[in-house]
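Heads up: the structure comes next, in structure tokens.
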Amino acid sequence: MLELLLCSLVTIFPDYLYRRYWQGKRLGREITFYSVWFELRWGIVTCLMLTVGLITVIFYFHPSTNTATLFYRTIPIVPERVGRVAEVRADFSAPVQKGDVIFKLDTSKQEAAIEAARRKIAEVEAALLVAQADILKAEGQIQEAKGAYQQTSDELDTKRELQKRNPGIVPQRDIEKLEVLLAARQGSLDSATASKQSAMTRVSALLPAEKASAEAALADAQVDMDKSYIRAGVAGRVEQFTLRVGDVVNPMMRSAGVLIPEGAGQRALFAGFGQIEAQVMKVGMVAEATCISKPWTIIPMVVTGVQDYIAAGQVRAGEQLVDAQQVMRPGTILTYLEPIYKGGLNGVTPGSSCIVNAYTSNHERIASNETGVFKRLALHAVDTVGIVHAMLLRIQALLLPIKTLVLSGH
């Protein structure tokens, strides 16, 4: 409507002035409701053509969209294991800090595992003390075996010497008994030495390995115990948290609630523009937005990112072929917009619906020496008509509360 009024000022209105003051025709006389088309046909036709052209230029080079939203990330609250809720420390809606416990699962099984691991460590440490005592015992047995062996060896040497000096004074049977006894003493000595070596191996290798295994089991039980405390990974706010003591939670079935990070939805605005704007939307374009949750306010923004693919065309691997007719609605060009001034989105509720206008700027092309005169005039005209869209956005911002509260049957 605004475009039509502006175009009529340079088409219909001059045509009427010509008819009124040059031809002397007056409203209500020569120019009536039935003759207005014949009298002002040139101005009306020119106005319609100019209006269509102006609307096309405005909406193409200065695109607008009503599908703009402050999207924000949510974190599902899920445990890492299945368990029964033993304690709840958060309300249905409550702020939380990073590391705060939201709820706790039953830990009787984990506590038993921790206690069993601690007792195993104590058992290994006691076995280590016993093994050290076994080393001392083995050393005593070695000394005893050495003494017995030495005594038997000396007695055998003495009797052999006597037998050598005076054959027949020592019975041969006694010498053979001493030789057998000496071999037995040697076996006792070897057995005592092996016992000491076994005890030393237990102290240096086996028992430390068993203790390390028990400590690993304790650490594993402690990790499982820590998983029973579900904590907030980031600072934010817990919403729609309905978990209560006695409920059984399963991470594979559903989450226990939602955690909204602090500052979510206050950084960027996501807007979907029509596919025809794919060649127009560029990073760095100046834009303006007005949101329903913050009425009568124009927020200056800048385009910081343009998604170079359309989500409606994505294909997932499956057993069925994709038919193009399955895409019922055409997708949009997703763009990311950030406020030009710090705190520009303050007061805008995350998830709020907004209206966004983006404005094409041809300043660099106009300033270039390679641009011709007529092209400069055309680019100036393109940039200038952006004012019309800016006026339309402000009218929309003015009427948005009235449209929402009155005309929509609120």
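The values are calculated or read from the model by the stated rules, or taken from the named source; none is laboratory data. Remember, it's a predicted structure, so these values are computed and weren't measured experimentally. Cβ atoms come from the backbone with ideal geometry, glycine included; neighbour counts cover every protein chain shown. Protein only, heavy atoms only, side chains kept; ligands, DNA and RNA dropped before computing areas. Shrake-Rupley method; radii C 1.70, N 1.55, O 1.52, S 1.80 Å.
Within the stretch 128-142, the presence of a residue that is among the polar types (S, T, N, Q), surrounded by 12 or more Cβ atoms within 10 Å (Cβ to Cβ) and either free of Cβ contacts under 8 Å to residues at least 12 places away in the same chain or not in a helix (DSSP H, G or I) (or both) is excluded.
Looking at ARG160, is it part of a helix (DSSP H, G or I) and either hydroxyl-bearing (Ser, Thr, Tyr) or over 60 Å from the mean Cα position of the chain (by Cα) (or both)? Considered against the rule, which asks whether it is part of a helix (DSSP H, G or I) and either hydroxyl-bearing (Ser, Thr, Tyr) or over 60 Å from the mean Cα position of the chain (by Cα) (or both), ARG160 comes out as yes.
Restricting the first member to the stretch 49-61 and to residues that are part of a helix (DSSP H, G or I), and the second to residues that are modelled with pLDDT of 80 or more, the beta-carbon pairs closer than 6 Å and six or more apart or on different chains are VAL57/VAL385; ILE58/VAL385; ILE58/VAL388; ILE58/HIS389; PHE61/THR360; PHE61/VAL382.
Beta carbons closer than 6 Å, at least 6 apart along the sequence or on distinct chains, pair a first residue in the stretch 80-106 that is within 18 Å of MET252 (Cα to Cα) and open to solvent by less than 30 Å² (accessible area, probe 1.4 Å) with a second that is in a loop (DSSP other than H, G, I, E, B) and among the hydroxyl-bearing types (Ser, Thr, Tyr) for LEU105/SER228. Annotation: GLU319 fulfils all but one of (1) in a strand (DSSP E or B); (2) of a type in the set (Asp, Glu); (3) open to solvent by 50 Å² or more (accessible area, probe 1.4 Å); the unmet one is (1).
Please go through the stretch 205-226 and give me each residue that is open to solvent by 70 Å² or more (accessible area, probe 1.4 Å) and either closer than 17 Å to ALA86 by Cβ or modelled with pLDDT under 80 (or both), ordered by number. ASP226, the sole residue that qualifies.
Restricting attention to the stretch 337-392, the residues that are in contact with a strand residue (DSSP E or B) (Cβ under 6 Å, 6 or more places away or on another chain), in a helix (DSSP H, G or I) and within 20 Å of ILE292 (Cα to Cα) add up to 1.
Considering each of THR290, THR335 in turn, give the residue that is open to solvent by less than 40 Å² (accessible area, probe 1.4 Å) and closer than 21 Å to ARG394 by Cα. Among THR290, THR335, only THR290 is open to solvent by less than 40 Å² (accessible area, probe 1.4 Å) and closer than 21 Å to ARG394 by Cα.
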